[in-house]
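First the structure, in the form of structure tokens, and then the observations on it.
What follows is calculated from the coordinates using simple rules that are stated; it is not laboratory data. This one's a predicted model, so the numbers in the text were calculated from it and none came from an experiment. Glycine gets a Cβ as well: all are built from the backbone with ideal geometry, and neighbour counts include every protein chain shown.
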Amino acid sequence: MSEKMQKKMGLTAKILIGMFAGIAIGGLLRVLFPGSELVETYLVDGLFSVIGNIFVSSLKMLVVPLVFVSLVCGTASLSDPGKLGRLGGKTLAFYLTTTAIAITLAITAAIIVQPGNASLAAEGLAFDAKAAPPLSQVLVNIVPSNPIDAMAKGSMLQIIVFAIIFGVAISQSGERGARVRNFFEDINEVVMKLVTILMQLAPYGVFALMAKLALTLGLETFGSVIKYFFLVLAVLFIHGLVTYPTLLKVTTGLNPITFLKKMRSVQLFAFSTASSNATLPVTIENANYRLGVHNNISSFSLPLGATINMDGTAIMQGVATVFIAQVFGIDLTIGDYIMVIITATLASIGTAGVPGVGLVMLAMVLNQVGLPVEGIALILGVDRLLDMVRTAVNVTGDAAVTVIVAKSEGEFEADVYHDPLAGAHLMGDRKADNA
């Protein structure tokens, strides 16, 4: 491909080419060299792993400074404490609402489709569930005893709380606070420029990640849970392409097709990294420059969403709960289903900082309704692929709620939202948006 063609091609197109090329090459190598130790050593664990990990690490490198600096800037610009409380309450309410809708859709679909097969219960199942922290400990841990340690460990809830408190202090500190605020705004501009630079690695990183995935996961991985897999996939697509656009249209009157078009690059990032936090720099830039959201809204709602908004995970939990109940021949009552909805919705906040959060939350839900946690072993084989899709759904929900809140607060530029070329100089999608 010539240098001239690469310059004309948008970032979305480059990522798509990298994604499909990676899948094709990985699949071809799998067919030509099945079980090859050389391929495993030098490509899967070597070249593809190194390039993919560098790409993901380059994005994660920005998460803590970006979340802290952008949240400080956003909070410091809200001189009215009442507005901060209103903004936080509204954002949290929307996130919890979409999560409740997601798991309700999932449970309803699973009850209708009946994906579980009781014969699977005869298999030897084993799953070591990590204990979820008690609610009291979650509340205590939200406030960091050492903010520097929280940043070093990447404890997002603690970072968010400290950044909000620090930003409020800046807004209440008069002239000296204004100088500090200007300093953070300058840093924010530099960090956003760094995001733009590192995004140029995306096509190569996505290629390596997809090639490695194609080499390590085949269709046989789906096995007897293929019905479960496609049901979760279908509900994820319904939630991402119907629920969010409908909510956006009803609450703002904006064209949801425009929103979905401008989310393509972010969704591709999320799909390839399977991490809302790693995608956060791209999500914030997209919201600011392409969706028309003011920075003081996006810098607050998007880091919060990346931490607590887990609609994709909630969908997995809903389908998995019904699936496991059917496999073990356990009948759940209406009360049990309601308890699943409540538990999963609240758990999206309570377990936000726990490693392996999706499976930890699922273990909590299963325990709540008396289902065997060992059933999680049935779905582990396909969870990686589903994790990629549900992360794309999560970031779409984060952005949708952010646009809704920004519009309701008057912190929204309609001209930018409707302009197909808005942000093209940053995202490189001028050609893609005209397609």
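Whole-Hz Karplus values for region 87-99 come out as 5, x, x, 5, 5, 4, 4, 5, 4, 5, 5, 5, 5 Hz, taken residue by residue from phi with 6.51 cos²θ - 1.76 cosθ + 1.60 and θ = phi - 60°; glycine and proline positions read x. With the highest mean first, a sort of the peptides 314-323, 170-179, 280-289 on other beta-carbon atoms found within 10 angstrom per residue produces 314-323, 280-289, 170-179. Applied to region 20-32, the Karplus parametrisation 6.51 cos²θ - 1.76 cosθ + 1.60 on θ = phi - 60° returns per-residue 3J(HN,Hα) values of 5, 5, x, 5, 5, 5, x, x, 5, 5, 5, 6, 6 Hz, with x for Gly and Pro. 3J(HN,Hα) along region 238-253, derived from phi through the Karplus expression 6.51 cos²θ - 1.76 cosθ + 1.60 where θ = phi - 60°, amounts to 4, 5, x, 9, 10, 4, 5, x, 5, 4, 5, 5, 5, 8, 10, x Hz, with x in place of Gly and Pro. Here the gap between residue 145 and residue 185, fully extended at 0.36 nm per residue and compared with their Cα-Cα distance, gives a gain of 11.8 nm.
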